[in-house]
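Colleague: Before anything else, here's the structure in question.
The values are calculated or read from the model by the stated rules, or taken from the named source; none is laboratory data. Worth saying up front: this structure is predicted, and the values here are computed from it rather than measured. Every residue, glycine among them, receives a Cβ derived from its backbone with ideal geometry; neighbour counts consider all protein chains shown. Ligands, DNA and RNA are excluded from the accessible area calculation, which covers all protein heavy atoms including side chains. Shrake-Rupley method; radii C 1.70, N 1.55, O 1.52, S 1.80 Å.
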Amino acid sequence: MPELALQVERYSAVIVIGDVAIRVNTRDSSFLDLLQQRYSGFVSAESGAEFEFDVELVEPTFADPDAEVNVSHHSGRWLMERADFRAEWNPAERSGVIHQKANPYSMDAVLRIVHTLVLAKQGGFLLHSASAIRNGKAFLFAGVSGAGKTTISGLAPGDVTLLTDEISYLRKHDEGYVAYGTPFTGELARLGENTSAPVAALYLLTKGPENRIEPVAVTDAARGLLGNVLFFAEDPKLVHRVFQTACDFVHRVPVYRLTFMPDARVWEMIQ
Amino acid sequence: MSKKVYVARSPRIAARMLGEEMLVMSAQGSTLFTLNPTATVLWQAADGATPLDEIVESRICSEFEVKPEEAMRDAEALAADLAKHGILLISEEPIPSKSPVQEQHRP
C-alpha cells in the first residue's frame with residue numbers, strides 16, 4: 001500500500017515597515033488575502049525577509065482586543081500574549097509562531113510589538129503620533145487619544161504626504177531621525193504612505209481657541225515624548241535603550257507645543 | 001547607636017540628567033519620574049557603599065545648607081519614597097553594585 005502523504009499548501013506575504021521585512025506564513029489563502037488587503041502598500045514582492053512568522057489560526061473566542069498585552073523574555077525567546085493571540089519569537093533564529101484568530105487586529109499587535117523590540121536595539125521607537133511629510137521634511141504630531149492626531153491629519157492639505165494618523169515609526173539616522181510610513185491607522189482608517197523623510201519637528205498637540213506654536217523646555221519635551229512612546233516589554237536593558245534614545249531625540253529634534261483649532265489654517269504654520 | 005542604612009540605585013531603572021532635572025524611568029510599566037534637586041543628589045550619591053548619614057553630611061547638608069538632623073529625617077523619608085517606587089534600594093548592609101543600566105549625562 002502506498003504511503004499517504006499530505007502536502008499542505010503554504011502562503012506567504014512579506015510585510016515591510018520601516019525598511020524591516022517580516023515574512024508571514026499561513027496555510028489559509030483567505031487569511032493571506034486579508035493580510036495583503038490590510039497591509040496594502042506595505043507588502044513586498046521581494047522574497048527576502050529579516051524575520052519570519054508562521055501563523056496558526058485558532059477558533060474565535062470572546063476575547064477583548066483592547067485587553068492588556070503581556071510581553072516577556074525567556075531563554076532567548078520573546079513571548080507576547082493578549083486575550084486574542086499568543087506569539088513566540090526567537091530573534092536569534094529570526095523566526096516565530098503566532099496563534100491568533102483570522103483577524104488583522106491580532107497581527108497588528110504582534111507586528112507593533114516586534115517592531116518596538118527591533119527598533120529599541122536600532123535606536124528608534126514607535127510613537128503614538130500622527131506624522132506627515134511636507135517639503136521633504138517629516139513633522140510629528142504626538143498626543144494621547146483625543147489630542148487631535150486624527151483631526152490634524154484630516155486637515156492636511158494636498159501637498160502633504162500622510163505617514164500615519166496614529167503610530168509613527170522613528171529611527172536614528174546620521175545626526176537626526178527619520179520617520180517612516182506605517183499601516184497602523186487611527187480613526188482616519190487610512191493607511192500611511194510607505195515612504196520616509198528626516199524629522200524636522202515634533203509637535204505636542206493640544207486643542208485650543210487659537211493656532212499657536214511654543215517652544216518646549218528639554219525636560220518637558222522628554223516627558224511629552226516618553227509619555228507617547230509605545231513600549232510593551234518590562235526588560236530593563238531595552239527600556240534603558242528606549243529611554244536614552246528618547247533623551248537623544250529631544251536634543252536633536254526641535255519639540256514644540258502646538259495648540260490648534262480644528263481648522264486647516266493650522267497647516268500654514270507647519271512648513 | 002542606630003544602624004547604618006545603605007542606598008543604591010535600582011538596576012531596573014534608566015536615568016538621565018536633562019537640563020537641571022533628573023528624569024528616571026522604571027522598567028516596570030515604563031513609569032516616568034522627575035527627581036527634584038535633593039532627590040537628584042541623593043540618587044547620584046546612592047552607590048550602595050556609602051551610608052545614608054554620610055551622604056547627608058557630605059552632599060546634602062553642604063549643598064542645601066540644612067541642619068544635619070533635619071536633613072537626615074528628610075533624606076530617610078525621601079529614600080523610603082524612592083524605594084517605594086522601585087527607584088532606590090535600601091539595606092542595612094552595603095549593597096553590591098550590579099547595575100547593568102549605567103547613568104549617562106549630557107549637556
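Colleague: At a Förster distance of 25 Å, what's the computed FRET efficiency of residue A:47 paired with residue A:121, Cβ-Cβ distance as r, to 0.05? Before the final figure, lay out each step's value.
Modeller: Values: r = 25 Å, r/R0 = 0.98.
For residue A:47 and residue A:121, the calculated efficiency is 0.55.
Colleague: If you don't mind, there's one more thing I want to ask. What is the average number of partner chain Cβ atoms found within 10 Å of a Cβ in A:12-25? Provide the component values of the computation, followed by the final result.
Modeller: Numbers: counts 0, 0, 0, 0, 0, 0, 0, 0, 0, 0, 0, 0, 0, 0.
Shielding by partners across A:12-25 averages 0.
Colleague: May I ask for the distance between the Cα centers of region A:226-268 and region A:120-180, given as a whole number of Å?
Modeller: Their Cα centres are 10 Å away from one another.
Colleague: Something else about it: Largest first, how would A:232, A:260 line up by accessible area (1.4 Å probe)? Please list the in-between numbers first.
Modeller: On the way: A:232 65, A:260 0 Å².
Listed by decreasing accessible area, they come as A:232, A:260.
Colleague: To one decimal place, what Kirkwood hydrodynamic radius in Å is obtained for region A:75-199 from all pairs of distinct Cα atoms? Don't jump to the answer; show the numbers that get you there.
Modeller: On the way: mean 1/r = 0.0647 Å⁻¹.
Roughly 15.5 Å, rounded to one decimal.
Colleague: Next up: Give the average, rounded to an integer, of partner chain Cβ atoms located within 10 angstrom of each Cβ in B:6-16. List each step's numbers first, then the result.
Modeller: On the way: counts 0, 0, 0, 0, 1, 3, 6, 4, 11, 4, 7.
Partner Cβ neighbours, averaged per residue: 3.
Colleague: If we count every other residue with Cβ under 12 angstrom of residue A:117's Cβ, Lys/Arg +1 and Asp/Glu -1, where does the sum land? Spell out each step's value before the answer.
Modeller: Details: positive: A:77, A:112, A:121, A:237, A:241; negative: A:235.
After counting each charged neighbour, the total is +4.
Colleague: Shifting gears a bit: To the nearest µm²/s, what D does Stokes-Einstein give for region A:124-269 at 25 °C and 0.890 mPa s, using the Kirkwood radius over alpha carbon pairs as Rh?
Modeller: On the way: Rh = 15.0 Å.
Once the numbers are plugged in, D ends up at 163 µm²/s.
Colleague: State in Å² the accessible area per residue of region A:11-122; use a 1.4 Å probe, count heavy atoms of protein chains only, and round to the nearest integer.
Modeller: Details: 5360 Å² over 112 residues.
Here the per-residue accessible area is 48 Å².
Colleague: Let me ask another. How high is the FRET efficiency from residue A:33 to residue A:207, r the C-beta distance, R0 41 Å, rounded to 0.05?
Modeller: Numbers: r = 39 Å, r/R0 = 0.96.
Taking R0 as 41 Å, the efficiency between residue A:33 and residue A:207 is 0.55.
Colleague: Next question, about the same structure. Please work out the Cα center distance from region B:14-47 to region A:84-109, rounded to the nearest Å.
Modeller: If we compute the Cα centre of each part, the gap is 35 Å.
Colleague: When the chain is fully extended, how far beyond the present Cα-Cα distance does residue A:99 get from residue A:187, taking 0.36 nm per residue of separation? Write out the running numbers ahead of the final one.
Modeller: Values: separation 88, 0.36 × 88 = 31.68 nm, distance 2.68 nm.
Going from the current span to full extension adds 29.0 nm.
Colleague: Let me ask something else about it. Find out how many positive minus negative residues lie around residue A:150, taking Lys and Arg as positive, Asp and Glu as negative, among other residues whose Cβ is under 12 Å from that of residue A:150.
Modeller: Surrounding charge for residue A:150 is 0.
Colleague: May I ask you to list the GluC sites (Glu not before Pro) in region B:1-61 that are in a DSSP loop and have at most 11 other Cβ atoms within 10 Å of their Cβ? Before the final figure, lay out the partial values.
Modeller: Numbers: sites: B:20, B:21, B:54, B:57; in loops: B:20.
Passing both the DSSP loop test and the Cβ count: B:20.
Colleague: Tell me the angle of helix B:68-84 to the major Cα principal axis of chain B, expressed in degrees between 0 and 90 and rounded to the nearest ten.
Modeller: 30
Colleague: Just grab the label-to-label distance for residue B:47 and residue A:9, each label 7 Å out from Cα along the Cβ direction, in nm (one decimal).
Modeller: That separation, rounded to one decimal, is 6.9 nm.
Colleague: Take every Cα-Cα distance within region A:69-147, group them into 10 Å bins from 0 onward, and report for each bin the whole-number percent of pairs it holds.
Modeller: 16, 39, 29, 15, 1
Colleague: Another question, if that's okay. Please work out, to two decimal places, the log10 of the ratio I(q)/I(0) at q = 0.16, 0.20, 0.24 Å⁻¹ from a Debye calculation in which every Cα of region A:11-122 carries one identical scatterer.
Modeller: Those come out to -0.69, -1.11, -1.57, one per q.
Colleague: Give the lysines reachable from residue B:67 as a straight Cα distance under 25 Å; neighbours fewer than 8 places away on the same chain don't count.
Modeller: Straight-line reach from residue B:67, under 25 Å: B:3, B:4.
Colleague: What's the extension gain from residue A:59 to residue A:77 if we count 0.36 nm per residue and subtract their Cα-Cα distance?
Modeller: On the way: separation 18, 0.36 × 18 = 6.48 nm, distance 2.49 nm.
Separation in residues times 0.36 nm, less the Cα-Cα distance, equals 4.0 nm.
Colleague: For the cross-link pairs A:101/A:137; A:121/A:149; A:172/A:237; A:149/A:172, which exceed 29 Å when the distance is taken from alpha carbon to alpha carbon? Walk me through the numbers before you get to the answer.
Modeller: Numbers: A:101/A:137 39 Å; A:121/A:149 27 Å; A:172/A:237 18 Å; A:149/A:172 23 Å.
From the list (A:101/A:137; A:121/A:149; A:172/A:237; A:149/A:172), the Cα-Cα distance tops 29 Å for A:101/A:137.
Colleague: Next up: What whole-number volume per residue, in cubic angstrom, does the convex hull of the C-alpha atoms of region A:66-111 give? The partial results should precede the final answer.
Modeller: Numbers: hull volume 3.0 nm³, N = 46.
Dividing the Cα hull volume of region A:66-111 by its residues yields 65 Å³.
Colleague: Additional query: Using only atoms on other chains, find how many Cβ atoms lie within 10 Å of each Cβ of peptide B:22-30 and report the average. The partial results should precede the final answer.
Modeller: Details: counts 1, 8, 1, 11, 4, 10, 3, 2, 11.
What the average comes to for B:22-30 is 6.
Colleague: I would also like to ask the following. Just to make sure I understand: if all protein chains stay in place, what is the order of A:128, A:99 by accessible area at 1.4 Å, largest first?
Modeller: A:99, A:128
Colleague: Considering every pair of different Cα atoms, what Kirkwood radius, in Å, is found for chain B?
Modeller: Numbers: mean 1/r = 0.0715 Å⁻¹.
That comes to 14.0 Å for chain B.
Colleague: Output ³J(HN,Hα) for region A:49-59: one whole-Hz value per residue in order, computed from phi by the Karplus curve 6.51 cos²θ - 1.76 cosθ + 1.60 with θ = phi - 60°, and x for Gly and Pro.
Modeller: 8, 7, 9, 9, 10, 8, 9, 10, 7, 10, 5
Colleague: Next question, about the same structure. Report, to the nearest 10°, how far helix A:236-252 tilts away from the longest principal axis of the Cα atoms in chain A, using its own Cα long axis and a range of 0 to 90°.
Modeller: Around 30 degrees separate the two axes.
Colleague: Something else now. Binning every alpha carbon pair distance of the protein assembly as shown at 20 Å from zero, what are the percents per bin?
Modeller: 26, 48, 22, 3, 0
Colleague: Considering amide H positions built from the backbone, and no H for Pro or chain starts, which residues 5 or more places from residue A:186, or on another chain, come under 5 Å of its amide H?
Modeller: When sequence neighbours closer than 5 places are left aside, the close amide H contacts are A:165, A:166.
Colleague: I'd like the FRET efficiency for residue B:85 and residue A:88, computed as 1/(1 + (r/R0)^6) with the beta carbon distance as r and R0 of 41 Å, rounded to 0.05.
Modeller: Working: r = 32 Å, r/R0 = 0.78.
Efficiency, from the Cβ-Cβ distance: 0.80.
Colleague: Measure off 7 Å from each Cα along the Cα-to-Cβ vector at residue B:4 and residue B:65, then give the distance between these two points in nanometres to one decimal.
Modeller: Simple spin-label model gives 3.2 nm for this pair.
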